[in-house]
Amino acid sequence: MTTLAEPTTETGGVLSPQYRALTIGMVALITLVAFESLAVATAMPTVAQSLDGLSLYALAFGGPLASGVVAMVVSGTWSDLKGPTRPLWHGTAWFLAGLLIAGLAPSMAVLVAGRIIQGFGSGLLTVALYVVVGQLYPARLRPRIFAAFATGWVVPSLVGPAIAGLIVEHTNWRLVFLAVPVIAVPAALVMRPGLARGSAYDVRPGRLWDKRALWAVAAAVGVGLLHYGGQQRGAVQLVLLAIGLAGVVAFGPRLLPSGTFAFGRGLPSVIALRGLVAAAGFGAEVFLPLMLTRERGLSPSLAGLVLTVSALSWTAASWYRGRPKQPFSHAVFLQAGMVAILLGIVTAALTLNPNVPVVVGIVGWGLTGLGMGTVFPTLSVLVLEYSERDEQGANSSALQLSDSLSTATILAIGGSLFAALEPHSAVTAYLVAFGLPALLALLGVPAGRRTANP
């Protein structure tokens, strides 16, 4: 039985000859996954109208979220048992197959099936990519590659919706799905030589579909019900949200390291903080353009400029965290990042007051972007630093599960409270919508200190 050699200690960077093709291919895949997520959100109203499938509209988003939860767990187990290459290739294949099915769908039901397959593929490949970083890149390069991953998520937020809008308006919505494989296939093939360096792994005994996979299915059903129920009204909404929340609360913690919800020292707090930062940032972000357009009278394009500013600051912070010789410890950066997110949310919420200039909210949300760009890559580095080689898959899976489960939960709760309060008092509704994420960011400040190993 052969064992993968430790990552080389050569002095080159992530774009040096031995890493260049692998880095480019991985970042390209991350970018395409992110672009597809944003582009579909823009195109889906047209898709639902074209296929007469408005009744399945919510499921087209909740389905891939749920299947992604299952895939993350499977990919983590698979990577630890057999190495990350197989789940990476399978994930890419499922992702592309889902896109092709959705792009060629004759009905909304078929499109939803394609979206579920696509989400499963995304979950497989994103976890496997984290393990590839842990197996094939030396520790000194991991901050840089995770900074590049962060850019791969952020840049599509700048151009993805606009490109998708142009495609839908001037050509055919099917191209939003069918164009991505044209780029994804070469990106995947580019990685093959780099992955070949890590083709030999210790093969460990174990079952791919174990009890954790069953827990993941149960948690995924909860996520799907949260997302679907959040878009319903009346008693149906309350019942679906209650069942969905019960599923996430009952089975989600079983997929995360022991001590996560108690903010245990080291890895448990890393996993917990990922959930807090994602829920805080994305939980507030969904309401900001709405507030700026409805309460302050901004056009959609100007309201979107706020998100552009935060995307740019996120990218800048991520690249700074990728630089060598950082002046402070990871824990200090994490605490500073959570403080920035908290201040950004509070500052953005101040623009509810018509006497506060909108530019204050724009600057404030840029501060949130700085915090997100500081915290995300730092946590990605720490999860590998705290993982044994045969635990990198499970812990990378837990990191992303914490993100997905927390975000789905806060969006469902925040959206439902907003919908219930807004007809009576818009100000109260927005204060609650921003207050919940701000509270999570506040909890994240002391959690950042606890990410240091005892």
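Some notes on this structure:
- When restricted to residues that are touching a residue at least 40 places away in the same chain (Cβ under 8 Å), assigned to a helix (DSSP H, G or I), open to solvent by 30 Å² or more (accessible area, probe 1.4 Å) and over 19 Å from LEU32 (Cβ atoms), the stretch 98-112 contains 1.
- Candidates are the residues of the stretch 281-299 that are open to solvent by 40 Å² or more (accessible area, probe 1.4 Å) and among the aliphatic types (A, V, I, L, M); the one that is farthest from ALA426 (Cα to Cα) is VAL286.
- Pairs meeting the criteria (first residue in the stretch 61-79 and within 17 Å of PRO257 (Cβ to Cβ), second residue open to solvent by 10 Å² or more (accessible area, probe 1.4 Å), beta carbons under 6 Å, at least 6 apart or on different chains) are VAL69/SER404; MET72/GLN400; VAL73/ARG212; GLY76/ALA394; THR77/LEU208.
- Residues that are buried (at least 20 other Cβ atoms within 10 Å of the Cβ) and either over 15 Å from GLY415 (Cα atoms) or of a type outside the set (Gly, Ala, Ser) (or both) within the stretch 225-244 comprise LEU225, LEU226, HIS227, TYR228, LEU240, LEU241, listed in sequence order.
- Residues being among the polar types (S, T, N, Q), modelled with pLDDT of 75 or more and assigned to a helix (DSSP H, G or I) - total across the stretch 140-172: 1
- All positions within the stretch 327-369 that are surrounded by fewer than 24 Cβ atoms within 10 Å (Cβ to Cβ) and among the polar types (S, T, N, Q): SER329, GLN335, THR347, ASN353, ASN355
- Condition check for SER318: modelled with pLDDT of 85 or more, of a type in the set (Ser, Thr, Tyr) and either farther than 19 Å from TRP153 by Cβ or not in a helix (DSSP H, G or I) (or both): no
- Within the stretch 413-454, if we keep just the residues that are under 30 Å from TYR386 (Cβ atoms) and among the small types (Gly, Ala, Ser), the residue that is farthest from the chain's Cα centre (by Cα) turns out to be ALA452.
- From the options SER67, SER37, SER79, SER50, residue that is at pLDDT 85 or above and either open to solvent by 40 Å² or more (accessible area, probe 1.4 Å) or in contact with a His (Cβ under 7 Å, 6 or more places away or on another chain) (or both): SER50
- The number of residues in the stretch 257-271 being open to solvent by 10 Å² or more (accessible area, probe 1.4 Å), touching a helix residue (DSSP H, G or I) at 6+ places or on another chain (Cβ under 8 Å) and either small (Gly, Ala, Ser) or within 17 Å of GLY373 (Cα to Cα) (or both) comes to 3.
The values are calculated or read from the model by the stated rules, or taken from the named source; none is laboratory data. Owing to the predicted nature of the structure, the values given are computational and were not obtained by experimental measurement. So basically every Cβ, Gly included, is an ideal-geometry build from the backbone, and we count neighbours across all protein chains shown. Calculation scope for accessible area: heavy atoms of the full protein, side chains included, ligands and nucleic acids excluded. Shrake-Rupley method; radii C 1.70, N 1.55, O 1.52, S 1.80 Å.
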